[in-house]
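Peer 1: Quick one: this structure, given as structure tokens, is what I'll be asking you about.
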Amino acid sequence: MSTEGKKGFDTLRIHAGYEPKEHLGSVQVPIYQTTAFDIGSPERAERLVHFEEVGLLYSRIGNPTVAALEQRVAALDGGVAAVAVASGMAALSYALLAAGEGGRVIAAARIYGGTYDGYRKVYPALGVEIDLIDDVNDLEALEGLIRPDTRAIVIESISNPINIVADIQAIADVAHSHGIPLIVDNTLATPYLLRPIEYGADIVVYSATKALSGHGSIIGGLIVEAPKRFNWLGGRHPQFAKPVYTFGNRNVVETFPDFPFSARVRTHYLAILGASLSPFDAYLILQGIETLSERLHRQSASALAIAEYLAKHPRVEWVSHPLLPESPYRQLAKQYLPKGVGGIFSFGYKGDGKENYRFLNALKLFSYHANLGDARSLIINSPHTTHHELTPEELKATGVVPETLRLSIGLEDVADLIADLEQAFAKAVDTVN
Ligand code: PLP
């Protein structure tokens, strides 16, 4: 559990969740590359499996390197606990299943294509029905979707790839007035730019693959739980009230009153579906988090400069950056993201598909690949890659139009990035004439 909430963000990202004295003085978090932990005696095993003593057994369920990452991210987000998993998709799936089990979840439609694909193909098959909401900030529509068996609302704080900024506080207020928890995917913002728990989120999920680690070396995810606020025994979540044999026939809330959601994710979903984060990858994510503030600060400034350049370019149809004067999300961005909105935004290429491809092929510095928040700047044509699984109708529902190009601005010199875009525009057009 995180007890470090009073220290400043930049202190926490370096120190939270780790005490060198407990690890032979090792200044860096050691990589505990082990499958299992010596139990010592059968009596201790009895205490461990019945949760009478907290201790390590097996790295699928808990590992000290992974635990340092969990506690660090929980501290950064103002959470009480976190569970690290093997990918952002695993984080989202486990959070959604743990909250939604046996009922319905209201989910924002204009989001990452992989998540949308899961809403369509996977969760209903696993017993969680999804009710999609087109405009996440339409509170009347949100109220209208709530049913007696609605168990959670899931949104992205800044959406991928078109940068819708969610009015988290207003959505949380609607959710809570009906006894429903709010789950926020905060991948694009990271806790440096936005801490959704401060605005009422009950659960925050991350793809740590992206800006949280920032080096493009790992796949990982995290689920962060807000300090005791949401009442899981309010009637909408029978799974939290069920007695559990291994908890001595108590329910999960009685057994883990401070972090019942994390406990359920760990003991039910991580333990059984098993997408554990490797200790080495946890270590690499921790390395990335040490420079989170500087990276996000720089990427936010560079992305805004590039968005302003693109907004004036004749081969650009539209730019989705929330801080541009024409953005419908400018006010919400200023309210929720005063430090900046990060390095990711999209633009519409003016011109046919062939010219769009020529532009992509002409870029030299921007890398053409499917990641976000990396130190390297990258570009991708989302409808054909990150959202490729969606039919034309589904693409429309996610708000991703065919000409969409998504940028993730890295840490290079802005002038070099603009020069690269400029030469690619020139080449793409030149071939037309
Ligand atoms: N959430 C968002 C907003 C994403 O953009 C992504 C991936 O792009 C994910 C979740 C899934 O993360 P991962 O690729 O780590 O599984």
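The values are calculated or read from the model by the stated rules, or taken from the named source; none is laboratory data. These numbers come from a predicted model, not from an experiment. Here the Cβ is made from the backbone with ideal geometry for all residues, glycine too, and neighbour counts use every protein chain on show. Side chains are part of the model used for accessible areas, which takes the heavy atoms of the whole protein and leaves out ligands, DNA and RNA. Shrake-Rupley method; radii C 1.70, N 1.55, O 1.52, S 1.80 Å.
Peer 1: Between residue 16 and residues 5 or more places away or on another chain, which pairs have amide H atoms under 5 Å apart, with H built 1.01 Å from N, and which residues are they?
Peer 2: Correct list: empty.
Peer 1: Can you list residues whose amide H is under 5 Å from residue 105's amide H, if they're 5+ apart or on another chain and H is modeled 1.01 Å from N?
Peer 2: So residue 105 has HN proximity to 129, 130, 131, 151.
Peer 1: While we're looking at this one, here's another question. Taking the Cα centre of the chain as origin and charging only Cβ (+1 Lys, Arg; -1 Asp, Glu), how large is the dipole, in debye to the nearest 20?
Peer 2: 240 debye
Peer 1: Based on Cβ point charges of +1 for Lys and Arg and -1 for Asp and Glu, what charge dipole magnitude is obtained for the range 291-432 about its Cα centre, in debye rounded to the nearest 20?
Peer 2: 240 debye
Peer 1: OK, next. Using a Gaussian network model of the chain with C-alpha springs under 10 Å, which one of 415, 208, 81 is most mobile by mean-square fluctuation?
Peer 2: The residue that fluctuates most here is 415.
Peer 1: Would you calculate, for the chain, the mean residue ellipticity at 222 nm contributed by helices, counting each DSSP H stretch of 4 or more residues as -39,500 (n - 2.57) and dividing by all residues, to the nearest 500?
Peer 2: After summing the helix terms and dividing by the residues of the chain, the value is -10500 deg cm²/dmol.
Peer 1: Antiparallel DSSP bridges in the range 79-169: what percent, to the nearest 5?
Peer 2: For the range 79-169, the DSSP antiparallel bridge percentage is about 10.
Peer 1: Next question. Toward the positive end of the charge dipole of the chain, about the Cα centre and with charges on Cβ (Lys, Arg +1; Asp, Glu -1), which of 196, 307, 65 goes farthest?
Peer 2: After comparing all options, I get 65.
Peer 1: With every protein chain in place, what's the accessible area of residue 418 (1.4 Å probe, Å², nearest 10)?
Peer 2: Approximately 40 Å² of residue 418 is accessible to the 1.4 Å probe.
Peer 1: Please list, ordered by chain and number, the residues whose modelled amide H lies under 5 Å from the amide H of residue 316; skip anything fewer than 5 residues away on the same chain.
Peer 2: 350
Peer 1: Where the accessible area of the chain is counted over protein heavy atoms with a 1.4 Å probe, how much of it, in %, is carbon and sulfur?
Peer 2: Carbon plus sulfur share of accessible area: 56 percent.
Peer 1: Antiparallel DSSP bridges in the range 291-432: what percent, to the nearest 5?
Peer 2: So the antiparallel bridges amount to about 85 percent of the total.
Peer 1: Something else now. Per residue of the range 313-321, what does 6.51 cos²θ - 1.76 cosθ + 1.60 with θ = phi - 60° give for ³J(HN,Hα)? Whole Hz please, x for Gly and Pro, Karplus curve as stated.
Peer 2: Taking θ as phi minus 60°, the curve returns 7, x, 8, 10, 7, 7, 10, 8, 4 Hz for the range 313-321.
Peer 1: A further question on this structure: How much of the DSSP bridge set in the chain is antiparallel, in percent, rounded to the nearest 5?
Peer 2: Approximately 55 percent, going by the DSSP bridge assignments.
Peer 1: Also: May I ask for the distance between the Cα centers of the range 243-312 and the range 344-397, given as a whole number of Å?
Peer 2: Cα centroid to Cα centroid, the span is 27 Å.
Peer 1: Oh, and also: So if I take the alpha carbon set of the chain, get Rg, then get Rh from the Kirkwood formula, what is the Rg over Rh ratio?
Peer 2: Answer for the chain: 0.99.
Peer 1: Which residue fluctuates the most in the chain, going by a Gaussian network model with Cα springs under 10 Å, if the choices are 186, 356, 63?
Peer 2: Looking only at 186, 356, 63, the largest GNM fluctuation is found for 356.
Peer 1: So with the 1.4 Å probe, I'd like the accessible area per residue for the chain, rounded to whole Å².
Peer 2: Spelled out: the 1.4 Å probe surface of the chain, per residue, equals 41 Å².
Peer 1: What is the distance in Å between the Cα centroid of the range 91-162 and that of the range 165-207?
Peer 2: So the separation of the two Cα centres works out to 13 Å.
Peer 1: If packing is taken as the average number of other Cβ atoms within 10 Å across a peptide's residues, how do 193-202, 122-131 rank, most packed first?
Peer 2: Order by mean packing, descending: 193-202, 122-131.
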